[in-house]
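Only one structure is covered here, and it is reproduced in the block below.
The values are calculated or read from the model by the stated rules, or taken from the named source; none is laboratory data. Remember, predicted model here, so these are calculated numbers, not experimental data. Backbone-built Cβ (ideal geometry, glycine too); neighbour counts: all protein chains shown. Accessible surface areas use protein heavy atoms only, side chains included; no ligands, DNA or RNA. Shrake-Rupley method; radii C 1.70, N 1.55, O 1.52, S 1.80 Å.
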Amino acid sequence: MKYYLLATISFFNLLMGSFITMLVYRLPLILQRQWQKEHQQFLSEEESNDLEQKFNIFLPFSHCPNCQQNLTILQKIPLLSYFFLKGKCAHCQRKISFRYPLIEILTLLCSLFVIERFGFNLQMLAGLILTWGLLTLAFIDLEQGILPDSLVFPLLWLGLISNLVHLFVSPEAAILGASVAYLSLFTLAKGYQFIIKRETMGQGDFKCFALLGAWLGIGALPYILFIAAFLGSLTGITLCIIKKNSLRESIAFGPYLAIAAWFVFMCSYPQS
């Protein structure tokens with residue numbers, strides 16, 4: 001019975017990982033189409049055929065981005081299908097991005113850690129939602145350089161609502177956390193921008209930090225910021241040495257905020 005339960009939980013989290021890969025791919029495209037549509041409406045231009053086609057989280061059905069062939073049910077099996085297909089599309093033989101199995105594996109492992117950490121209770125459910133949200137935001141920012149409001153705001157409000165019942169911190173700590181997080185990162189970024197005369201962070205980073213404050217409270221903010229800054233600096237210096245990038249070249253900060261927050265979350269909050 002124990003192994004059956006573990007297998008069921010693992011398969012469900014792999015399915016969630018597959019859903020996250022879809023979000024990472026589709027959500028930026030949905031936003032891009034919305035911006036294009038608004039631009040055309042503003043300029044009174046005729047809408048293109050591409051924008052008229054139905055495109056959302058679920059439609060069109062899963063397909064190869066290269067040859068547009070729909071995937072069969074067997075080709076949609078999380079993780080296993082990638083290895084059975086040897087990392088290539090069954091139709092056009094174009095290589096499938098390793099991002100897909102990577103996100104599925106990370107979702108599985110992180111979810112199992114959350115379940116092991118909190119057990120089966122409301123904290124676990126909230127922790128899983130936060131974990132899945134952070135994974136989605138991290139990979140979208142890593143690939144597209146954006147942190148979509150359509151993900152950030154629902155997660156922020158969910159964090160505030162969760163802490164109304166003291167799920168992780170008090171309501172006061174959550175509200176202060178969200179407010180101070182946004183204002184502090186905004187002030188730091190603008191101050192640094194004034195010194196070096198170039199923009200270093202976008203609004204998405206400030207909102208994402210506020211999201212983390214809403215979930216983890218004001219007390220967690222210094223630890224998150226320190227760890228994220230350390231990881232970001234280490235990555236920037238490493239890329240500068242390996243690829244000879246300029247130290248002034250910007251890198252996405254969202255993934256480091258997500259990593260730091262998840263680490264603090266897993267280490268700091270006892271079971272209720």
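Quick check for me: using +1 on Lys/Arg Cβ and -1 on Asp/Glu Cβ, what's the dipole size of region 111-249 about its Cα centre, in debye to the nearest 20?
About 440 debye.
Given a Förster radius of 25 Å and the C-beta distance between LEU109 and LEU142 as r, what FRET efficiency does 1/(1 + (r/R0)^6) yield to the nearest 0.05?
Plugging the Cβ-Cβ distance into 1/(1 + (r/R0)^6) gives 0.90.
Label points 7 Å out from Cα along the Cβ direction at TYR3 and ILE237: separation in nm?
4.8 nm
Gaussian network model of the chain, Cα springs within a sub-10 Å range: biggest mean-square fluctuation belongs to which of ILE96, ILE224, ILE175?
ILE96
Mean Kyte-Doolittle of at least 1.0 and a Cα length of 18 Å or more along the axis: which whole DSSP H helices of the chain meet both?
Span-like helices, by this rule, are 99-118, 122-144, 149-162, 171-196, 221-243, 254-268.
With a cut-off of at most 11 other beta carbons within 10 Å, and DSSP calling the residue loop, which trypsin sites (Lys or Arg not before Pro) in region 128-221 qualify? Please list them.
Passing sites in region 128-221 are LYS197, ARG198.
Mind grabbing the accessible area of MET201 for me, 1.4 Å probe, Å², rounded to tens?
MET201 exposes around 40 Å² with every protein chain in place.
For LEU59 and LEU74, calculate 0.36 nm times their separation in residues minus their Cα-Cα distance, and state this gained length in nm to one decimal.
Residue separation times 0.36 nm, minus the Cα-Cα distance, leaves 3.5 nm.
When the solvent-accessible surface of protein heavy atoms is calculated with a 1.4 angstrom probe, in what order do ILE105, ILE237 fall, highest first?
Ranking ILE105, ILE237 by accessible area, largest first, yields ILE237, ILE105.
Suppose the chain between LEU183 and SER10 were pulled fully straight at 0.36 nm per residue; how much longer would it get relative to their current alpha carbon spacing?
58.4 nm is the gain from fully extending LEU183 to SER10.
Could you tell me how far the Cα centroid of region 156-171 sits from the Cα centroid of region 1-31, in Å?
After rounding, the separation between the Cα centres reads 25 Å.
Tell me, in nm to one decimal, what length is gained between PHE120 and SER250 on full extension, where the rule is 0.36 nm per residue of separation less the Cα-Cα distance? The partial results should precede the final answer.
Numbers: separation 130, 0.36 × 130 = 46.80 nm, distance 4.08 nm.
Stretched out fully, the PHE120 to SER250 stretch lengthens by 42.7 nm.
Among LYS243, LYS76, LYS95, which one shows the biggest mean-square fluctuation in a GNM of the chain, springs joining Cα atoms closer than 10 Å?
LYS243
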